[in-house]
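Below is one structure, written out as structure tokens; the observations come after it.
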Amino acid sequence: KTSMAASEKQRIAEAALKLIRPRDIVYLDGGSTVLALARLLTAHTQLTVVTNSLRVAQVFSSGGPRMILTGGECRLISQTVVGPLTRAVLEQMHLDLAFMGTIGVSAAQGMTTTDPAEAFTKEQAMARASRTVLLADSSKFGKTSFVRFGTLKNLSAVISDKLMPSAERKAFQRAGVETVLV
């Protein structure tokens with residue numbers, strides 16, 4: 001997945017980087033687009049990053065921002081830790097920004113993923129964040145997966161590429177979601 005739409009994911013990550021202030025507490029979800037953002041944060045040592053992603057943890061394993069792992073059950077396919085055990089850490093946190101990935105998203109169905117435990121953890125992180133930003137390339141729009149983890153009401157912003165479907169873009173904007181296309 002990391003190689004699919006790689007240039008779009010990189011541009012999305014670069015746009016997301018502009019939203020982060022030096023001392024922010026940032027949640028980085030699993031997913032290849034969020035991972036691209038993590039790679040841009042290695043020199044940002046004043047940040048605190050909270051993550052459930054083993055891949056993000058690997059990026060910061062030899063230096064970078066202060067990193068806090070959520071704990072939880074390891075989901076091998078996504079290389080994330082998910083489920084009810086993540087609540088113990090996340091419910092203690094205040095997050096300035098949560099950067100979320102998704103399997104599918106539409107104005108009608110919201111954000112969806114393949115696993116209920118993963119959806120649970122995503123909901124926990126979004127509930128603790130002042131701002132939630134969805135990072136999703138245009139291939140994710142109009143798709144619905146198994147379990148919903150949020151609606152447009154949960155989002156402050158979406159960052160996508162210029163091929164985001166026009167109808168979806170307009171629906172996000174009508175819902176008050178800042179829409180950034182790169």
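The values are calculated or read from the model by the stated rules, or taken from the named source; none is laboratory data. In this text, all values refer to a predicted model and were calculated from it rather than measured experimentally. Every residue, glycine among them, receives a Cβ derived from its backbone with ideal geometry; neighbour counts consider all protein chains shown. Please note that ligands, DNA and RNA were not included when accessible areas were found on the heavy atoms of the full protein model with its side chains. Shrake-Rupley method; radii C 1.70, N 1.55, O 1.52, S 1.80 Å.
Buried (at least 16 other Cβ atoms within 10 Å of the Cβ), over 23 Å from Ser139 (Cα atoms) and touching a Lys or Arg at 6+ places or on another chain (Cβ under 7 Å), is that true of Thr70?
no
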Being over 15 Å from Ser7 (Cα atoms) and of a type in the set (A, V, I, L, M) is the filter here, so list the residues in the stretch 21-42 that pass it. Ile25, Val26, Leu28, Ala38, Leu41
Filtering the stretch 165-179 down to residues that are touching a Lys or Arg at 6+ places or on another chain (Cβ under 9 Å) and either assigned to a strand (DSSP E or B) or within 18 Å of Thr33 (Cα to Cα) (or both) yields Thr179
Residue pairs within 7 Å by beta carbon, gap of at least six or interchain, first lying in the stretch 113-132 and touching a residue at least 40 places away in the same chain (Cβ under 8 Å) and farther than 19 Å from Ser78 by Cβ, second outside any strand (DSSP E or B) and open to solvent by 60 Å² or more (accessible area, probe 1.4 Å), listed first then second, are Arg128/His94
If Asp115 satisfies all but one of (1) acidic (Asp, Glu); (2) open to solvent by less than 60 Å² (accessible area, probe 1.4 Å); (3) over 27 Å from Phe141 (Cα atoms), what's the number of the condition it fails? (3)
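Restricting to the stretch 66-84, count the residues that are touching a helix residue (DSSP H, G or I) at 6+ places or on another chain (Cβ under 9 Å) and either farther than 18 Å from Val34 by Cβ or of a type outside the set (A, V, I, L, M) (or both).
Residues meeting the conditions: 11.
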I'd like the full set of residues that are open to solvent by 30 Å² or more (accessible area, probe 1.4 Å), out of contact with any Pro (no Cβ under 7 Å at 6 or more places or on another chain) and in contact (Cβ under 8 Å) with a residue 24 or more places away in the chain, limited to the stretch 38-67. Arg39, Leu40, Leu54, Arg55, Val59
Against the definition (within 13 Å of the chain's Cα centre (by Cα), in a strand (DSSP E or B), over 16 Å from Asn52 (Cα atoms) and not small (Gly, Ala, Ser)), how does Arg148 come out, yes or no? no
Given the options Ser166, Ser160, name the one that is open to solvent by less than 60 Å² (accessible area, probe 1.4 Å), within 24 Å of Ser7 (Cα to Cα) and out of contact with any strand residue (DSSP E or B) (no Cβ under 7 Å at 6 or more places or on another chain). Ser166
Output the residues belonging to the stretch 118-134 that are charged (D, E, K, R) and surrounded by fewer than 23 Cβ atoms within 10 Å (Cβ to Cβ). Glu123, Arg128, Arg131
Test: residue in the stretch 42-50 that is closer than 23 Å to Ser160 by Cα and in contact with a Gly (Cβ under 9 Å, 6 or more places away or on another chain): yes
